[in-house]
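**Student:** Take a look at the following structure, please.
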Ligand code: ADP
Ligand code: ASP
Ligand code: MG
């Protein structure tokens, strides 16, 4: 049983959908497909929802038309007339439901996260209809499934957390019977359902996560994430043009890379695969015969495999006077961050100065809000709270490399020589990443510097070790 997930660019137009169908058909059955919305559609839907809440009807109809055009363009590629007609009818229904939801938002004059999720789900729902119809038109039995009947979540709209037990039950009810009938199931990525049945989303880029959640529920043999790059690369190729494919990485390394900002995987993607040891492959729809990257339990090698950065963070520092109860203060801070649903990226503590450092997601409302909330929580202590905005975290990921005692010193030395100030750093035993917080404007410089030193050098030395072609030819002549 294989799950194949296709991202937005890989289903961006009729030709890309046809290419993706060819890839699906090359895999043995039973198989399930998870699809994102066509590239650009999620952004358009979010824009439409925003514009609706501000009552700007002209802008709204322009955006809604752009969404329709995109979907109708893909529908035009369905090669069987009956399938095309049925898909267009299903699209009409989805677009009508979208219009109704937008009218509700316009009437309310405010956009709730619940409404936003319901609206944005239209992108994935439309694609699942289009993709399944394409497969059937090509003679492959297929059925679309909306994941707001399969992926059970809590009610954190726009960033919902899945419930694995309910998801497994729902997938047994909804997906397994279809697979049993020999259908290729095409499920929407990104979306789920709250306990009350409303549609939720797993956060931007969440279709990767949907694929491993479905893979775990179905106990898949493999999850394949088909995207627009030939695997996990040693850095974001948009930032480091000579980034190289990493052929194999461990679950821990992949998790760390995604956690620290490598967009190729949604941060939570790997987690569902770990418990069952399901291999996850990252492959390119533009080069389907390339081996890509395989993510498994095993870690190999002792070098840094990839460098990544995540911007838009805040660095909170909390100084607790010596007489205060450090654990109690920490409990209050964690409690407040949890209450405010602020994502914590990293925590460290310098015990001599009794300073606790928290790197947190900056979208939580900026320093003034977060500082005020934490000062309130700590009002009975003499702790002082500091906060810096626009912080980035850079991470050099590689299990063997970051376990070496001098590795962090080397990284800090490299950043120092490149003129990158470091606000905080960490390396722990058994860690898989070396991590430094730097001011946001230095993130690119830090990534380039670390990539050049840790990965550029590996490339240079493996080139030096590799026998020259002329020598190999000479040897083969001698052997022959
Ligand atoms: P999809 O739509 O298929 O989910 P995404 O755009 O979400 O694709 O993710 C793929 C993109 O992630 C790549 O085009 C690349 O720009 C970016 N990226 C960032 N870091 C990395 C990395 N280390 N390896 C590969 N791609 C990366
Ligand atoms: N379509 C959603 C997004 O753009 C989910 C995904 O592509 O993974 O965020
Ligand atoms: Mg993605």
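**Student:** Pull out the extension gain between residue 158 and residue 390, defined as 0.36 nm times the separation in residues minus the alpha carbon to alpha carbon distance; nm, one decimal.
**Tutor:** Gain on stretching residue 158 to residue 390: 81.2 nm.
**Student:** Express the C-alpha Rg of region 258-388 as a ratio against the empirical globular expectation 2.2 N^0.38 Å, rounded to two decimals.
**Tutor:** Rg over 2.2 N^0.38 Å, computed on Cα atoms: 1.39.
**Student:** Sorting check: for 39-50, 119-130, which peptide has the highest mean count of neighbouring beta carbons within 10 Å, and how do the rest follow?
**Tutor:** With the highest mean Cβ count within 10 Å placed first, the list reads 119-130, 39-50.
**Student:** Which of the three applies to region 2-228, rounded, prolate or oblate, going by the alpha-carbon gyration tensor with a ≥ b ≥ c and a/c under 1.5 meaning rounded?
**Tutor:** oblate
**Student:** Convert 10 °C to kelvin, take the viscosity as 1.306 mPa s, use the Kirkwood radius over C-alpha pairs of region 279-324 as Rh, and evaluate the Stokes-Einstein diffusion coefficient in µm²/s, rounded to a whole number.
**Tutor:** Using the Kirkwood radius from Cα pairs, D works out to 101 µm²/s.
**Student:** From the alpha carbon gyration tensor of region 175-254, can you work out the equivalent ellipsoid semi-axes (sqrt of 5 times each eigenvalue) and give them in Å, largest to smallest?
**Tutor:** 29, 17, 12
**Student:** Which order do the peptides 257-263, 369-375 come out in when sorted by mean C-beta neighbours inside 10 angstrom, highest first?
**Tutor:** 257-263, 369-375
**Student:** So what is Rg over Rh here for region 306-465, counting just Cα atoms and using Kirkwood for Rh?
**Tutor:** Using only Cα positions, Rg/Rh for region 306-465 is 1.04.
**Student:** Please give the direction-averaged projected area of the C-alpha convex hull for region 52-101, in square nanometres with one decimal.
**Tutor:** 3.4 nm²
**Student:** Moving on to the next point. Which values, in whole Å and largest first, are the semi-axes of the equivalent ellipsoid of region 58-191 obtained as the square root of 5 times each eigenvalue of the Cα gyration tensor?
**Tutor:** 26, 24, 9
**Student:** Further, regarding this structure: Ranked by Cβ crowding within 10 angstrom, fewest neighbours first, how are 278, 110, 74 ordered?
**Tutor:** Ranking 278, 110, 74 by Cβ neighbours within 10 Å, fewest first, gives 110, 278, 74.
**Student:** Between rounded, prolate and oblate, where does region 81-132 land on the alpha carbon gyration tensor, with a ≥ b ≥ c its root eigenvalues, rounded for a/c under 1.5, else prolate if a/b exceeds b/c?
**Tutor:** oblate
**Student:** Tell me, what does the Kirkwood hydrodynamic radius of region 1-102 come to in angstroms if you use every pair of distinct C-alpha atoms?
**Tutor:** That comes to 15.0 Å for region 1-102.
**Student:** Taking 0.36 nm per intervening residue step and subtracting the Cα-Cα distance, what contour gain separates residue 172 from residue 79 on full extension?
**Tutor:** Length gained, residue 172 through residue 79: 30.3 nm.
**Student:** Turning to a different aspect of this structure: How many Å³ per residue does the convex hull of the Cα positions in region 151-293 occupy?
**Tutor:** Convex hull of Cα atoms, per residue: 114 Å³.
**Student:** Oh, and also: If one computes P(r) from the Cα atoms of the chain, what percent of pairs lie at distances over 34 Å?
**Tutor:** Across the chain, Cα pairs with separations above 34 Å total 42 percent.
The numbers here are math on the coordinates, done by the rules we state, and not lab data. Note that the coordinates shown come from a computational prediction; the quantities given were computed from them, not determined experimentally. When we count neighbours, we look across all protein chains shown, and the Cβ atoms used for this are built from the backbone with ideal geometry, even at glycine.
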